[in-house]
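Beneath this line is the structure, given in structure tokens, with notes to follow.
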Amino acid sequence: MSAFSKLYAEKQNAFEQDLARIFAEIENIPEPLRASMEYSLLDGGKRLRPLLFLEIFSLFKKDANENVLKFAAAIECIHCYSLIHDDLPAMDNDDFRRGKPTNHKVYGEGVAILAGDALLNLAYELMLDAVIDSEDKAAYLKAAALFSKHAGCRGMIAGQVADITADENISVDVLKYVLRHKTGDLIIAACVAAAILGNAENEELLSIRNFAEHFSYAFQIKDDVLDHKQKETEKVSFAKMYGVSRSNQTLGDSSQKAAKELSALKNRDTEFLKQLIIKFASRKE
């Protein structure tokens with residue numbers, strides 16, 4: 001394991017512990033709802049979005065207090081709810097995720113749908129708790145509003161709808177819309193919200209947003225390339241439309257643009273984020 005991979009694993013494990021603790025403190029969730037929520041929320045995964053959030057916050061403020069950790073947990077709640085719903089028969093109809101049966105295969109479609117709903121609502125409960133507890137309510141409200149927009153009907157959900165309603169004759173513009181919103185919006189929101197809570201300057205906020213846009217684009221294209229090579233999906237993707245060679249070229253270009261935006265953040269230690277770009281651009285699964 002490389003030094004960076006070890007560091008990433010350490011940060012990942014630290015967040016896992018905080019996430020489990022925060023969820024355990026939520027009382028009065030009836031069974032089997034709690035079990036279904038926990039099954040998807042605490043089953044590992046890359047934890048990319050909350051780790052991006054925490055790392056970018058640390059560029060501007062060193063200590064992540066409980067309110068910051070609640071936001072990070074809320075981000076993962078939103079991501080996991082979307083995965084539960086994505087896997088349902090009415091959408092992607094997947095039987096397995098991360099090597100184990102999908103939520104609806106274990107708990108049934110009805111409970112799985114409600115577990116996704118509950119995780120989404122829990123995300124906003126955690127964010128609003130952080131707003132109430134924070135001394136910088138304006139920044140926390142702005143960050144929460146950003147998530148509401150990027151995860152909603154003009155953001156991630158809009159991208160999901162475009163994805164499931166597209167046919168084989170999907171246009172380039174629609175494909176880019178899907179990439180930008182279905183995957184990109186939650187990553188962008190995580191990065192920009194962290195900068196907002198860190199009280200970044202306007203120019204820094206712009207650089208963070210640009211970084212997130214380029215990084216999320218590269219991240220999804222890499223997913224498309226891996227799925228295309230493994231023939232895991234028949235849906236139209238960037239790799240299926242343009243081929244692996246051009247996809248890899250675009251992946252490289254987007255990764256370079258993301259790193260360039262980080263270099264524009266003067267006097268900020270962005271080395272971890274730069275290594276993160278390389279890690280996810282070169283991953284094998």
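One residue stands out among those in segment 68-114 that are hydroxyl-bearing (Ser, Thr, Tyr) and in a helix (DSSP H, G or I): the one that is most open to solvent (accessible area, probe 1.4 Å), which is Tyr107. Within segment 24-34, is there a residue that is in a helix (DSSP H, G or I) and surrounded by fewer than 15 Cβ atoms within 10 Å (Cβ to Cβ)? Within segment 24-34 (the criterion being in a helix (DSSP H, G or I) and surrounded by fewer than 15 Cβ atoms within 10 Å (Cβ to Cβ)), the answer is yes, since at least one residue qualifies.
For segment 253-277, how many residues meet the condition of being over 15 Å from Ala212 (Cα atoms) and surrounded by 13 or more Cβ atoms within 10 Å (Cβ to Cβ)? Total meeting the criteria: 1.
Within segment 129-177, the set of residues being among the small types (Gly, Ala, Ser) and either at positive phi or assigned to a loop (DSSP other than H, G, I, E, B) (or both) comprises Ser134, Ala151, Gly152, Gly155, Ala166, Ser171.
Residue count for segment 245-259 satisfying the condition of being of a type outside the set (S, T, N, Q) and farther than 14 Å from Ala281 by Cβ: 1. Considering Phe211, Phe215, Phe238, Phe280, the condition of being open to solvent by less than 30 Å² (accessible area, probe 1.4 Å), under 21 Å from the mean Cα position of the chain (by Cα) and closer than 23 Å to Met1 by Cα is satisfied by Phe280 alone.
Test Asp95 against the criterion of being touching a Lys or Arg at 6+ places or on another chain (Cβ under 8 Å) and over 22 Å from Val161 (Cβ atoms), and give yes or no. Here the answer is yes, as Asp95 does meet what is asked.
Each row is one residue, and each column tells you yes or no for (1) touching a Lys or Arg at 6+ places or on another chain (Cβ under 7 Å); (2) open to solvent by less than 30 Å² (accessible area, probe 1.4 Å); (3) not charged (D, E, K, R).
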| site | (1), (2), (3) |
| --- | --- |
| Ile132 | no, no, yes |
| Glu135 | no, no, no |
| Ala151 | no, yes, yes |
| Met156 | yes, yes, yes |
| Ala166 | no, no, yes |
| Asn169 | no, no, yes |
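The residue pairs whose first member lies in segment 1-22 and is at pLDDT 95 or above, whose second member is open to solvent by less than 50 Å² (accessible area, probe 1.4 Å) and aliphatic (A, V, I, L, M), and whose beta carbons are closer than 6 Å, counting only pairs six or more residues apart or on different chains, are Lys11/Leu51; Asp18/Leu69; Leu19/Ala73; Ile22/Ala73. Of all residues in segment 94-120, those that are at positive phi have Cβ atoms under 9 Å from Cβ atoms of residues that are open to solvent by 60 Å² or more (accessible area, probe 1.4 Å), 6 or more apart or on another chain, in Gly108/Pro32. What are the residues in segment 47-67 that are in contact (Cβ under 8 Å) with a residue 12 or more places away in the chain and in a loop (DSSP other than H, G, I, E, B), if any? Correct list: Arg47, Lys61.
Only one of the listed residues (Lys257, Lys274, Lys222) is of a type outside the set (Gly, Ala, Ser), more than 30 Å from Val131 (Cα to Cα), in a helix (DSSP H, G or I) and in contact with a His (Cβ under 8 Å, 6 or more places away or on another chain). That residue is Lys257.
The values are calculated or read from the model by the stated rules, or taken from the named source; none is laboratory data. On a predicted model such as this, the values are computed, not experimentally measured, just so you know. When we count neighbours, we look across all protein chains shown, and the Cβ atoms used for this are built from the backbone with ideal geometry, even at glycine. Just so you know, the surface numbers come from the protein's heavy atoms only, side chains and all, with ligands and any DNA or RNA stripped out. Shrake-Rupley method; radii C 1.70, N 1.55, O 1.52, S 1.80 Å.
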